[in-house]
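> Sharing a structure here in structure tokens format.
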Amino acid sequence: MGSLAFAQAKNDTIKPKENQIEGVTLTARKPTVESKVDRTVFNVSNSSILAGNTTWDVLRMTPLVSIDNNDAIKAEGESVTVYINDRKSVFTGKELKEYLKTIPADNLMKIEVITSPSSRYETAGSVINIVLKKRDDEGIKGSVTFNNRQNAKNSQYTNLNLNYHKKNFTQTLIGSYSDNSYFQRNTSVNTLYKDNDVTNITNETLGSGKSPSVSSTSEYELNDKNNIGLILEYYQSKNASTSDADIVRTKNGSPSDSYHQDQDVNGRYRTLGTNLFYKYYDKEKNKILDINLGSNYNSQKNQNDFLKTYNTSSDIRQLGISSHEQMRNYYIKVDYTQPLGKGGSFEVGGKMDFNNNVIPNNLSGNNADNLRTRDVFHYEDNINSLYANYSKTFFEKLETRIGVRYEHIDYKMREDVAGTSRKDSYGTLLPNLLLKYSFSEKYDLSLTYNRNLWRPWYAEFNPFLVPTNDGTFSRGNMDLEPNPSHRLYMKFGFMKKYFLAARYMYTDRDYWTSLAVEDGKTVMLPANLNGKVQKYYLFANTNQTFLKNKLNVNVGVGWYYIDNHDFNEVNKLASKDYISYMGASANLSYTNLFNKNINLSAWVELSNQNNGNSLANKTNIFHNISATKILPKTQMEVSLQLMNIFSRPVFDATTYSQDGFSRSAMRSDWYGFSLSFVKRFGNQKVKGNTKTDVEKNSGGGK
């Protein structure tokens with residue numbers, strides 16, 4: 001929600017040259033936060049907040065980014081697509097979180113929050129592009145990190161990062177291992193309108209996970225124009241958790257049912273990704289050809305056992321749940337860019353995606369009699385896409401970009417036992433437009449438009465009914481449809497460090513978690529909800545440096561207004577028709593305190609998380625304070641972080657449906673402290689930017 005983070009600044013800056021070329025000012029370092037036409041860039045390279053952190057930790061402190069209690073990443077309150085080095089990640093939700101926790105923050109160059117992406121990106125809204133460092137100096141170099149974190153429980157993390165470069169060959173190897181434990185307490189009240197059916201649930205969960213991972217990037221420069229490379233990634237997580245829930249149910253004020261429920265879960269998640277790439281780059285003509293061929297395999301195997309006790313210890317019912325979800329993805333992607341006329345550039349490309357996924361579920365035990373005990377859900381799709389972008393600058397003041405993306409999907413799904421199936425296909429055009437007018441070097445105004453389409457995740461189609469750890473049930477929905485939206489974004493920049501932004505978003509269909517009653521069971525499921533939703537957003541941001549660039553301050557505040565009145569009327573939801581709330585954040589960093597190589601940083605965010613038919617009941621104040629001591633002679637760093645020590649976050653929200661509403665409050669485990677040790681070796685210099693001028697500046701990248 002307009003969260004803003006920060007890093008340290010260098011001690012000295014190089015004074016601008018008297019004769020500037022095209023208005024460029026040379027500085028020793030980029031600003032911590034850069035506000036561009038279509039994106040906000042969080043420059044974290046060599047920042048004090050990197051020590052001992054993972055990419056997931058830094059992402060939580062990135063401007064405009066918020067993360068909810070289900071670990072879903074959002075930008076300006078909307079869902080995002082995550083890219084790593086301009087390569088789309090196959091992970092979502094909790095799997096994406098666990099994967100990003102295996103990438104050490106020490107490898108980060110910057111994080112780009114692209115609020116108005118061009119047609120090159122396959123996305124439903126905003127894009128988060130995580131750019132990693134590229135070391136290309138001769139020899140071996142790297143770092144070792146040890147981290148111990150104390151939240152409700154204790155966790156450890158270690159990482160080894162190696163890089164070797166000799167002449168035309170570069171090899172990077174990253175290995176990590178984490179041993180995490182967590183505790184979570186959740187209370188919820190599910191209210192059904194019929195019979196005034198109210199269920200009170202108190203749930204506690206204790207979990208642990210052991211996660212090794214390794215990734216390898218090999219790149220060979222054939223000549224000054226041609227590069228080839230191979231990326232290999234392997235990640236594994238072995239998890240275990242136990243939970244205890246007390247459920248009390250009443251109807252019309254009279255007791256209906258009560259019981260205690262225990263759950264034990266054991267699971268293993270594995271993923272293997274490969275990406276073979278070729279890149280042609282003619283520096284003189286600024287022509288680029290980028291070809292990627294890859295595959296991804298994910299496997300998630302879970303074994304759950306439930307024990308339910310009804311009133312007396314002699315009445316125990318047991319239910320076992322096992323599943324083995326597998327996802328196979330194959331793709332080929334081609335991108336080509338070249339200059340076109342004076343001040344113009346043209347970009348064209350396409351991608352072919354093939355997915356083959358399967359989810360088998362099995363139920364067993366003496367409490368499975370009234371449930372379907374076995375089924376296998378299959379999902380297959382083929383997505384073909386083509387795009388084109390044309391960018392041109394007129395009169396040296398007006399930057400333009402016009403683009404269009406066409407996507408066509410064929411998909412089919414079926415259940416082996418139930419026999420239900422669905423087969424469908426559709427094509428869609430996704431246009432976008434960018435305009436930026438610079439009145440002078442200090443004042444500019446930009447306008448962007450994007451049409452987006454959000455597709456359901458394949459697992460959200462699976463209709464197999466599964467008990468949860470709080471006495472309710474959950475399933476997917478085969479009838480889900482894609483959700484289109486339109487976004488209009490305007491930004492005004494002045495004095496190169498103050499920015500005002502306004503956004504309008506419109507959609508006439510969405511799908512969110514819904515509450516329903518099926519055969520006497522309370523079921524949570526995704527459902528299409530038609531009706532108009534209009535969102536308005538105003539945001540102000542500034543980035544300032546003081547005390548010879550030692551003190552860096554970034555502050556932002558946003559106001560959100562949501563018009564849900566038509567949405568609620570069409571779907572008969574007893575929710576708020578109009579929602580107004582604030583989001584704000586601030587970020588401070590101080591470099592080289594007392595000239596003792598001590599860096600300080602602090603981050604605070606005011607967050608309200610309202611999503612569709614789910615409304616926040618509580619405003620959270622997240623904060624993080626860290627101090628890092630650098631030992632230059634030994635190339636070591638020691639860092640202490642304090643996380644949410646003054647206020648423990650509570651995610652409290654109410655979700656509305658046609659049959660009732662559910663209020664859930666979860667006490668987050670996002671608090672405590674961590675201590676990190678980082679040992680570096682070899683030459684730590686990195687490339688400042690691995691992208692070409694065409695990639696950086698075409699289409700509103702400035």
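What follows draws every value from the coordinates through simple rules; no lab data is involved. From a predicted model like this one, the values you see are computed outputs, not experimental measurements. Glycine also receives a Cβ, built like all others from the backbone with ideal geometry; neighbour counts cover every protein chain displayed.
> If the cut-off is a Cα-Cα distance under 18 Å, which aspartates and glutamates reach LYS194, setting aside same-chain residues fewer than 8 apart in sequence?
Answer for LYS194, where 18 Å is the Cα cut-off: ASP257, GLU518, ASP519, ASP659, listed by chain and number.
> Which residue, ASN151, THR62, PHE546, has the largest displacement toward the positive end of the dipole of the chain when charges sit on each Cβ (Lys, Arg +1; Asp, Glu -1)?
PHE546
> If you don't mind, another one. Arrange the following residues from fewest to most other Cβ atoms within 10 Å of their Cβ: ILE247, ILE228. Mind showing how you got there, number by number?
On the way: ILE247 20, ILE228 14.
Arranged by neighbour count, lowest to highest, ILE247, ILE228 become ILE228, ILE247.
> Taking only DSSP H segments of four or more residues, each worth -39500 (n - 2.57), what value at 222 nm results for the chain once the sum is divided by all its residues, to the nearest 500 deg cm²/dmol?
-1000 deg cm²/dmol
> Set the Förster radius R0 to 25 Å, insert the Cβ-Cβ distance between TYR449 and LEU386 as r into 1/(1 + (r/R0)^6), and round the FRET efficiency to 0.05. Write down the numbers at each step before the final one.
Working: r = 20 Å, r/R0 = 0.80.
Efficiency for this residue pair is about 0.80.
> Under 18 Å from a label point 7 Å along Cα→Cβ of ARG185: give me every residue in the range 202-219 with its amide N that close.
Those under the cut-off are 202-207.
> May I ask you to compute the full-extension gain from ASN196 to SER254, defined as 0.36 nm times their residue separation minus their alpha-carbon distance, rounded to one decimal in nm?
19.9 nm is the gain from fully extending ASN196 to SER254.
> Okay, moving on. Could you point to the residue in SER211, ILE174, VAL189 farthest towards the positive end of the range 151-265's charge dipole, with +1 and -1 charges on the Cβ of Lys/Arg and Asp/Glu respectively?
ILE174
> Quick check: net charge around ASN355, other residues with Cβ under 9 Å of its Cβ, Lys/Arg +1 and Asp/Glu -1?
-2
> What ranking of SER178, SER514, SER299, SER126 emerges when the number of other C-beta atoms within 10 Å of each C-beta is taken as an exposure proxy, fewest first?
Least crowded to most crowded, the residues run SER299, SER178, SER514, SER126.
> Mind scanning LYS88/LYS596; LYS101/LYS141; LYS392/LYS548; LYS210/LYS679; LYS423/LYS572; LYS141/LYS550 and naming the pairs with a C-alpha gap bigger than 32 Å? Don't jump to the answer; show the numbers that get you there.
Working: LYS88/LYS596 41 Å; LYS101/LYS141 22 Å; LYS392/LYS548 38 Å; LYS210/LYS679 23 Å; LYS423/LYS572 30 Å; LYS141/LYS550 28 Å.
Beyond 32 Å: LYS88/LYS596; LYS392/LYS548.
> Once the piece of chain linking ASP224 and HIS408 is laid out straight, how much longer is it, given 0.36 nm per residue of separation minus the C-alpha distance between them?
In short, 62.5 nm is gained.
> Please list, in order along the range 640-648, the HN-Hα scalar couplings obtained from phi with the Karplus expression 6.51 cos²θ - 1.76 cosθ + 1.60 (θ = phi - 60°), rounded to whole Hz, x for Gly and Pro.
10, 10, 10, 10, 6, 6, 8, 7, 7
> Between ASN148 and ARG317, what is the spin-label point distance in nm, taking each point 7 Å from the Cα along the Cα→C-beta axis?
Distance between the two pseudo-spin positions: 4.6 nm.
> What aspartates and glutamates sit close enough to LYS167 to cross-link, taking a C-alpha to C-alpha distance under 20 Å and skipping anything fewer than 8 places away on the same chain?
Correct list for LYS167: ASP136, ASP137, GLU138, GLU219, GLU221, ASP224, ASP282.
> Further, regarding this structure: Rounded to the nearest 0.05, what FRET efficiency do PHE346 and HIS565 give with R0 = 45 Å and r taken as the Cβ-Cβ distance? Could you check? List each step's numbers first, then the result.
Numbers: r = 44 Å, r/R0 = 0.97.
Efficiency at R0 = 45 Å is approximately 0.55.
> Take the Cα of VAL555, step 7 Å along the line toward its Cβ, and report every residue of the range 486-520 whose backbone nitrogen sits under 14 Å from that point.
498-499
> What is the Cα centroid distance between the range 569-589 and the range 230-305, reported in whole angstrom?
28 Å
> Provide the per-residue ³J(HN,Hα) series for the range 495-508, in order, calculated from phi with Karplus coefficients 6.51, -1.76, 1.60 and θ = phi - 60°, each as a whole number of Hz, with x at glycine and proline positions.
My calculation for the range 495-508 gives 6, 6, 9, 10, 9, 10, 9, 9, 9, 10, 10, 9, 8, 10 Hz in order.
> Based on the Cβ-Cβ distance from GLN303 to LYS397, what FRET efficiency comes out when R0 is 56 Å, to the nearest 0.05?
Numbers: r = 63 Å, r/R0 = 1.13.
Efficiency, rounded to the nearest 0.05: 0.35.
> Then there's this: Return the aspartates and glutamates within reach of LYS133: Cα separation strictly under 12 angstrom, same-chain partners fewer than 8 residues apart disregarded; answer none if there are no such residues.
List returned: ASP106.
> Which loop chymotrypsin sites (Phe, Trp or Tyr not before Pro) in the range 162-263, with loop taken from DSSP, have no more than 13 other Cβ atoms within 10 angstrom of their Cβ? Don't skip to the end; give the middle numbers.
Working: sites: TYR164, PHE169, TYR177, TYR182, PHE183, TYR193, TYR220, TYR234, TYR235, TYR259; in loops: TYR193.
Within the range 162-263, the qualifying chymotrypsin sites (Phe, Trp or Tyr not before Pro) (loop, at most 13 other Cβ atoms within 10 Å) are TYR193.
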